[in-house]
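Below you'll find the structure, written out as structure tokens, and then a few comments.
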Amino acid sequence: MTFHSPSQATSRGGGPHRLSIQAVLDQVVSQEAHRNELQLSYVRAGVLLISLLLDAAVFLFPRLLGKDYVPPTVLIISLCANLFALGLVIILRQGLSMEALHRWQLIIPLFDNLLLWAFITNIWRVLGATQPLILTNVVAFCSLVAVSGGLRLSRRSALLTSLLALVNFGYAAVLFQLNLALALFAGITVLGTGYLGMRMAVIVRRHVKNESGRVLMAQFLPKTIVEAAFETPLELLQQSQKRDVTVVVTDLREFTHFAEALEPQAVLDFLNRYQGLLATIVERHGGWVDKFMGDGMLAVFGASDPLENHARSALTAATAMVREVPQISPLAMGIGLHSGPVVSGCLGTSGRLEFTVIGDTVNVAARLEALTKTLGYSVLVSETTQQRAGPWPLQSVGHHPLRGRTQALELFTLV
């Protein structure tokens, strides 16, 4: 048999597993982008609510600004902006598809900068060009809008946000007749803030890629191993763990002859369906697939996530395989189960590492699977596994010697 990892077995040829993994990764990126956009919507709604209260006070009491009259457009624009911001919060809280989120990531920067344009215009109309000190607020708002683009996982959106904020500042500099030197200095500040926002977008994207990598690794390794690989990678490489587990080894009968009559792509599609079903059954019952071996599989129950009764879980999974595999495969199947100690850890060199389990328990399970061909049973269970599983519909098939072992073992099969 040729050994290869689950990732190799399920990702070649663009099969359904590869598509499902890509969907998971896309979902992680989409969720992070949506979460960031929702937080921005809360901040936007809060700032605009405060602005509405201030605009209402100015409209009702124009003497606060030393004016006799403040046009109602100030209050109307502020009210409309608040309603739109509240609508964004409601929409984002309900959730968006990836396609819709990408559209909104271009619409929202336009909305933010339209608000900024309206703010600058209203300030100019109310206060006039004789109070350029208000530009400190304009610069602050432009910088805030520019840096907000960095929280979106889209470089295009971050660049658009920064450029629009710079355009708004240029508009304000013209309205308030700002000195050219000061305008250049403040403009560089806004531009620099936008650049930091774009760099922040890169950092956020890198963080999301790390999370995507974690999700991808979780398709092939136990969750505790994935966490250790990200949190304490040196300990994972240096320390092995001794566990008491149940090992399940499977194989299809006459697969080589079966594959000869099929095109290579048809063989690959069949293996994708078959191995995908096995992996689903194993994961459903708390185990994990250590390796796919061509048309066979090595699965482990009890490492590295402890199970209350790993022998019983393994037997439940084997029973499900016997029941479900014939629905997609015309070939007979052999399954061997044995319980005992193994050592789990990283095997290989720095150039090629593999997390696996090693021990006599693995060898015995493989021998039992091979013996199913000779004895004519689909499933062979060692006495150790039978005793640990507790009450189960198993029947003894007698004591049989195993290659490489001096003492015969009592074996059982499913009733």
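Being at pLDDT below 90 and under 29 Å from E254 (Cβ atoms) narrows it down to one residue among T385, T356, T372; which is it?
Answer to the check: T356.
Mind checking whether some residue in the stretch 292-308 is touching a Ser or Thr at 6+ places or on another chain (Cβ under 7 Å), assigned by TED's automatic domain parsing to the domain that holds D244 and part of a helix (DSSP H, G or I)?
No, the stretch 292-308 contains no residue that is touching a Ser or Thr at 6+ places or on another chain (Cβ under 7 Å), assigned by TED's automatic domain parsing to the domain that holds D244 and part of a helix (DSSP H, G or I).
Take the residues in the stretch 365-390 that are in contact (Cβ under 8 Å) with a residue 12 or more places away in the chain and farther than 16 Å from E410 by Cβ; name whichever of them is surrounded by the fewest Cβ atoms within 10 Å (Cβ to Cβ).
Here the residue is G390.
Residues are listed down the side, and each one gets a yes or a no for (1) modelled with pLDDT of 80 or more; (2) under 30 Å from R206 (Cα atoms); (3) assigned to a helix (DSSP H, G or I):
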site	(1), (2), (3)
Q27	no, yes, yes
R35	yes, yes, yes
V47	yes, yes, yes
L52	yes, no, yes
V58	no, no, yes
I76	yes, no, yes
L79	yes, no, yes
A85	yes, yes, yes
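Please go through the stretch 146-163 and pick out each residue that is more than 29 Å from the chain's Cα centre (by Cα) and surrounded by 22 or more Cβ atoms within 10 Å (Cβ to Cβ).
Across the stretch 146-163, there are no qualifying residues.
Considering each residue of the stretch 365-401, count those that are of a type in the set (S, T, Y) and part of a strand (DSSP E or B), and give that number.
2
Only one residue in L347, L337 is modelled with pLDDT under 85 and not hydroxyl-bearing (S, T, Y), so which one is that?
Testing whether each residue is modelled with pLDDT under 85 and not hydroxyl-bearing (S, T, Y) leaves just L347.
Confirm whether E308 is at pLDDT below 90 and charged (D, E, K, R).
Judged against the criteria, E308 is a match.
Within the stretch 164-187, how many residues are in contact (Cβ under 8 Å) with a residue 40 or more places away in the chain, buried (at least 16 other Cβ atoms within 10 Å of the Cβ) and either part of a helix (DSSP H, G or I) or of a type in the set (S, T, Y) (or both)?
Total satisfying the criteria: 7.
The values are calculated or read from the model by the stated rules, or taken from the named source; none is laboratory data. Since the structure is predicted, the reported quantities are computational estimates derived from the model, not experimental observations. Using ideal geometry, Cβ is built from the backbone for each residue, glycine included, and neighbour counts are taken over all protein chains shown.
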